[in-house]
Amino acid sequence: MAPSQSNLLSIGKAAQEAGVSRQSVQYYLMVGLLRPTQTTDSGRRLFDQGAIERIRLIRNLNQTGYTLRAIRELFMNRDKPKKGNRL
C-alpha cells in the first residue's frame, strides 16, 4: 500500500527533519544513496519516515568516518538478494 501524500515530506522538510541540508539530500539522491518514496506527476520528490531514517543513517555513518562511496557499497550489499533466496 502506497503512503498517502499527506504523510510525505518535500526534500526541504525531509532534510530539516533529518538534520542535514537540502543540498545533502539532493546529493544523496544523485549518487544513489537514497530514492524518493514517491514522485508526483509534476516530478516533485516526496519522502516518508523510512527515508528520513535512512538520511540520518547516512549522516551518522559519514560523521563517523565512512565515505559516501563506502556507505553506498554497504547499502548495495545489504539491499541485493542473497544467493538461494527467492523473492
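The values are calculated or read from the model by the stated rules, or taken from the named source; none is laboratory data. Please read all numbers here as calculations on a predicted model, not as lab measurements. Cβ coordinates were reconstructed from backbone atoms using ideal geometry, including for glycine residues, and neighbour counts include every protein chain displayed.
Note on region 30-44: among residues that are surrounded by fewer than 15 Cβ atoms within 10 Å (Cβ to Cβ) and within 10 Å of the chain's Cα centre (by Cα), the one that is modelled with the lowest pLDDT is 32. Within region 55-70, the presence of a residue that is surrounded by 14 or more Cβ atoms within 10 Å (Cβ to Cβ) and touching a Ser or Thr at 6+ places or on another chain (Cβ under 7 Å) is excluded. Taking region 28-48 as the range and being outside any loop (DSSP other than H, G, I, E, B) and touching a Ser or Thr at 6+ places or on another chain (Cβ under 9 Å) as the test, the residues that pass are 45, 46, 47.
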